[in-house]
Amino acid sequence: MNFGERNMLRGFRPLAAAWLGGAALLLLNMGATAVDAKREPFGALADGRQVEAVVLSNNAGIRVKIMTLGAAIQALSIPDRSGHAGDVVLGFDSPQEYLQNPSYFGATVGRFANRIAKGHFTLDGKTYTLATNDHGNHLHGGLKGFDKVLWSIDSVKSGSPATAVFSYTSPDGEEGYPGTLRVTASYSLNDAAVLRVEFRATTDKSTIVNISNHSYFNLSAETGASVLSHLLQVNAAKYTPVDVGLIPTGELRAVEGTPFDFRKPTAIGLRVRDGHDQQIRYGRGYDHNFALDGTLGESRLAARVADPSSGRIMEIFTKAPGLQFYSGNFLDATIAGKGGRVYREGDALVLEPQLFPDAPNQKTFPSARLDPGNTYVNTMEYRFSTDKPARPAGVK
Ligand code: BGC
């Protein structure tokens, strides 16, 4: 059941509504549904710069907060199967902590999400050298990627969907990339529990682009439960194996018969420690890009995550060719996030719709090239629902 359907039940079937959420909620939700968008302050950075946030919330109990630092999702509250909302993403309570402990929580990652080997790539015969920030490789845009800059808020609009558009202009040469890149990150939420995130970019010189969202999800929401019991489905028959530095070898390997076969819903924890597979050892678990099935350029279901304990379900739709699945292997209990909670390995999973890692150096991978006059677009839709609602005692 999605939350939109649940809302209709609330509006038109009083008994069912009472079963789902109680009479008070019924009264609240009798009118036309609406989605609200509000701007609010989100604290200051150590250098005094103010960070703002936009909160989108709907009558189905979903609330998402996006801040101008990194155009990042700072909080995402989703009801469980009993209607109790909980925050399903990792992050911090104040903006400065995001700069002190860069883990890309909820962030917009770019210009190039994921890794570029040794920070080098060649375009039209010219070799470019990017900032290296990950064992000699370039990761998520370099030392000061899109996650660490302040974005502007271009527009905020209530209605269904409610939208917030953020923008950032990356100067020519930033982190070594050619071209002035104008980027927008749009977030929209509707009544049917769909959160849509869309990145667009244009350039004044030929360049490379790969932008994604880096939210760390735990659908059990602050209960302390790990995501290893979440059931994951990834619609991909192949993935891109990596070397020890997590750079793809160029091969597209069949998932069949390996711990990477998620074509049927499978608990993440079942094979995350399967050291017989060298790829699991290299990734310290899952840290791999899946080559999504289906037609490139058509929006299709890339992944579905279900948490059996809370009943929350998240589906991700995208047109992107790849999906990076990272099982939070580098969360090592050295940082405390929202509410002082320490984050440990397996506390969250990241699913990033994107191009393949190191695409600029791999001729057989879909191209990351963007030329003047063209627009780069990467859209991802997160659809939230629950399995069947819990019945109150005595109701059969
Ligand atoms: C990468 C990981 C990296 C993490 C950083 C993920 O997208 O795949 O290797 O450690 O981002 O937060």
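Every number in this text was worked out from the coordinates using simple rules, so none of it is lab data. Everything quoted here is computed from the prediction, not taken from an experiment. No Cβ is skipped: glycine too gets one built from the backbone with ideal geometry, and neighbour counts run over all protein chains shown.
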Computed magnitude of the charge dipole of the chain (debye, nearest 20; Cβ of K, R +1, Cβ of D, E -1):
840 debye
Relative to the longest principal Cα axis of the chain, at what angle does helix 3-12 sit, 0 to 90 degrees, rounded to 10?
20 degrees
Of the listed links Lys264/Lys363; Lys238/Lys264; Lys38/Lys144; Lys118/Lys363; Lys264/Lys338, those spanning more than 22 angstrom between alpha carbons are Lys264/Lys363; Lys38/Lys144; Lys264/Lys338
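If I take R0 = 30 Å and measure r between the Cβ atoms of Asp293 and Asn329 in this structure, what FRET efficiency does the formula 1/(1 + (r/R0)^6) give, to the nearest 0.05?
Details: r = 25 Å, r/R0 = 0.84.
Between Asp293 and Asn329 the formula returns 0.75.
Per DSSP H run of at least 4 residues, take -39500 (n - 2.57); add these up for the chain, divide by its residues and hand me the 222 nm value, nearest 500 deg cm²/dmol.
Details: 5 runs with 36 residues, N = 396.
Taken over the chain, the calculation gives -2500 deg cm²/dmol.
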Pop out the ³J(HN,Hα) list for the stretch 342-357 in order, Karplus 6.51 cos²θ - 1.76 cosθ + 1.60 with θ = phi - 60°, rounded to Hz; leave Gly and Pro as x.
7, 9, 10, 3, x, 7, 7, 10, 10, 10, 10, x, 6, 6, 6, x
Whole-angstrom gap from the stretch 87-102 to the stretch 218-284, using each part's C-alpha centre
25 Å
Length gain on complete extension for the stretch Thr127 to Thr375, per 0.36 nm per residue less the alpha carbon to alpha carbon distance?
87.0 nm
Considering Cα pairs under 8 angstrom that are at least six residues apart, work out the relative contact order of the stretch 206-362 and quote it in whole percent.
28 percent
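Apply the Kirkwood formula to the chain: the hydrodynamic radius equals the inverse of the mean of 1/r over all pairs of different alpha-carbon atoms; give it in Å with one decimal. Show your work: numbers first, answer last.
Values: mean 1/r = 0.0465 Å⁻¹.
Evaluated on the chain, it is 21.5 Å.
What is the gain in length, in nm to one decimal, between Arg341 and Ser206 on full extension, counting 0.36 nm per residue of separation less the C-alpha to C-alpha distance? Can you show the working numbers first?
Working: separation 135, 0.36 × 135 = 48.60 nm, distance 4.36 nm.
Here the answer is 44.2 nm.
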Calculate the spin-label point distance for Thr249 paired with Arg273, positioning each point 7 Å from the Cα along the beta-carbon direction, and give it in nanometres.
2.6 nm
Can you figure out the FRET efficiency of Asp36 with Thr364, using R₀ = 35 Å and their beta-carbon distance, to the nearest 0.05?
0.15
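Compare the peptides 76-82, 255-261 by average per-residue count of other Cβ atoms within 10 angstrom and give them in order, highest first. List each step's numbers first, then the result.
On the way: 76-82: 21.9, 255-261: 16.1.
Per-residue mean Cβ counts within 10 Å order the peptides as 76-82, 255-261.
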Between the stretch 138-157 and the stretch 43-74, how far is it from one alpha carbon centroid to the other, in angstrom?
13 Å
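Which whole-number percent gives the relative contact order of the stretch 327-385, counting Cα pairs below 8 Å spaced six or more residues apart? Intermediate results must be reported in sequence, preceding the final value.
Details: 49 pairs, mean separation 13.2, N = 59.
Computed over the stretch 327-385, the figure is 22 percent.
Would you work out the charge dipole size for the stretch 244-396 about its Cα centre, treating the Cβ of every Lys and Arg as +1 and the Cβ of every Asp and Glu as -1, and quote it to the nearest 20 debye?
Details: 20 positive and 18 negative charges, 121 e Å.
Dipole magnitude for the stretch 244-396 comes out near 580 debye.
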Given H placed 1.01 Å from N in the peptide plane, which residues other than close sequence neighbours of Gln354 have an amide H under 5 Å from its amide H?
Gly322, Leu323, Gln324
Using θ = phi - 60° and the Karplus curve 6.51 cos²θ - 1.76 cosθ + 1.60, what whole-Hz ³J(HN,Hα) does each residue of the stretch 214-221 get, with Gly and Pro shown as x?
10, 6, 9, 9, 9, 6, 7, 6
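Hey, with R₀ at 30 Å, roughly what FRET efficiency would Gln100 and Glu222 work out to, going by the Cβ-Cβ distance, to 0.05?
0.90
When only Cα pairs under 8 Å and 6 or more residues apart are kept, what is the percent relative contact order across the stretch 288-348? Write out the running numbers ahead of the final one.
Details: 89 pairs, mean separation 18.0, N = 61.
Relative CO of the stretch 288-348 lands at 30 percent.
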